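Everything below concerns the one structure shown next.
No value in this document is a laboratory result; all are computed from the given coordinates. The structure presented is a predicted model; accordingly, all values stated were derived computationally and were not measured. Neighbour counts are summed over all protein chains in view; Cβ atoms, including those assigned to glycine, are modelled from backbone coordinates with ideal geometry.
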Amino acid sequence: MSDSFSQYKYIDNIPKRIKLARLIWNTVWLLLFRTTPRWCLNSWRIFLLKVFGAKIGLGSRVSPSCFVWAPWNLEMGEYSVLADNVDCYSMDRIRIGSKVAVSTRTFLCTGTHDIYSLLRPLVTKPITIGDHSWVCAEAFIAPGVTVGKGAVIGARSVVTKDVCEWTVVAGNPAAFVKTRTISAN
């Protein structure tokens with residue numbers, strides 16, 4: 001590497017204790033979490049997440065193919081779901097309210113890099129998803145985003161800004177589609 005570029009070498013600031021905890025968690029996830037059948041052992045998966053510090057409410061469900069980068073940064077309310085192949089890149093807090101559906105192959109991303117520095121330092125920001133929200137299949141939620149109560153994120157949407165309560169957004173980048181009105185049935 002030439003000297004002119006060596007000054008821009010990426011510096012890994014993740015503490016060794018976090019790396020060790022992740023190594024242990026990844027091993028547990030691979031051997032004891034991921035291998036469970038989808039149709040049963042949800043309470044076992046919840047137990048494993050809680051052992052590693054997750055806070056998960058009554059009645060919530062987590063698919064065995066869902067990956068949580070750091071369970072100690074995950075909070076879920078009651079009766080919420082993380083569906084198949086959801087990726088919780090929880091370098092920072094991910095707070096999911098009650099009665100929330102996070103659909104298949106969604107990516108909740110709390111980590112990125114500072115694009116204004118050639119050193120590319122790690123930047124993390126929490127994600128919050130309000131009660132009664134639905135994040136549809138293959139959506140991407142960027143670091144620092146708050147999805148308001150009752151909001152719906154359309155399939156394959158890219159959400160880089162906060163989403164207002166009881167709205168529907170869709171697209172890349174996600175944009176307002178309509179207000180979500182709940183019928184009295």
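Assorted remarks:
- Using 0.36 nm per residue and subtracting the Cα-Cα separation, the extra length available between Ile11 and Ala155 on full extension is 48.3 nm.
- Debye-sum result for segment 74-173 in log10 I(q)/I(0), which assumes one identical scatterer on each alpha carbon, at q = 0.13, 0.16 Å⁻¹: -0.40, -0.59
- For the chain, built as a Gaussian network whose Cα springs stay under 10 Å, the top-fluctuating residue of Thr167, Thr128, Thr112: Thr112
- For the cross-link pairs Lys99/Lys125; Lys16/Lys50; Lys99/Lys178, the C-alpha atoms of every pair lie within 27 Å.
- Per-residue Cβ neighbour rank within 10 angstrom, fewest leading, Tyr8, Tyr89, Tyr79: Tyr8, Tyr79, Tyr89
- Whole-number D in µm² s⁻¹ for segment 50-126, Kirkwood Cα-pair radius fed into Stokes-Einstein, 20 °C, 1.002 mPa s: 166 µm²/s
- For the chain, built as a Gaussian network whose Cα springs stay under 10 Å, the top-fluctuating residue of Leu31, Leu118, Leu74: Leu118
- Our summary gives the chain a relative contact order of 12 percent, counting only alpha carbon pairs under 8 angstrom and 6 or more residues apart.
- Dipole magnitude for the chain: about 340 debye, using +1 per Lys or Arg Cβ and -1 per Asp or Glu Cβ, origin at the Cα centre.
- Net charge contributed by nearby residues that have their C-beta within less than 14 Å of Pro173 (K/R +1, D/E -1): +1
- 5 angstrom amide H check on Met76, placed H, neighbours 5+ away: Lys55, Ile56, Gly57, Ile96
- Using a Gaussian network model of the chain in which every pair of alpha carbons under 10 angstrom is joined by a spring, one finds that among Val123, Val145, Val68 the greatest mean-square fluctuation is at Val123.
- Only DSSP H runs of four or more residues enter the estimate; each adds -39500 (n - 2.57), and after division by the residues of the chain the mean residue ellipticity at 222 nm equals -4000 deg cm²/dmol.
- Euclidean distance between Cα centres, segment 115-136 to segment 50-96, Å: 16 Å
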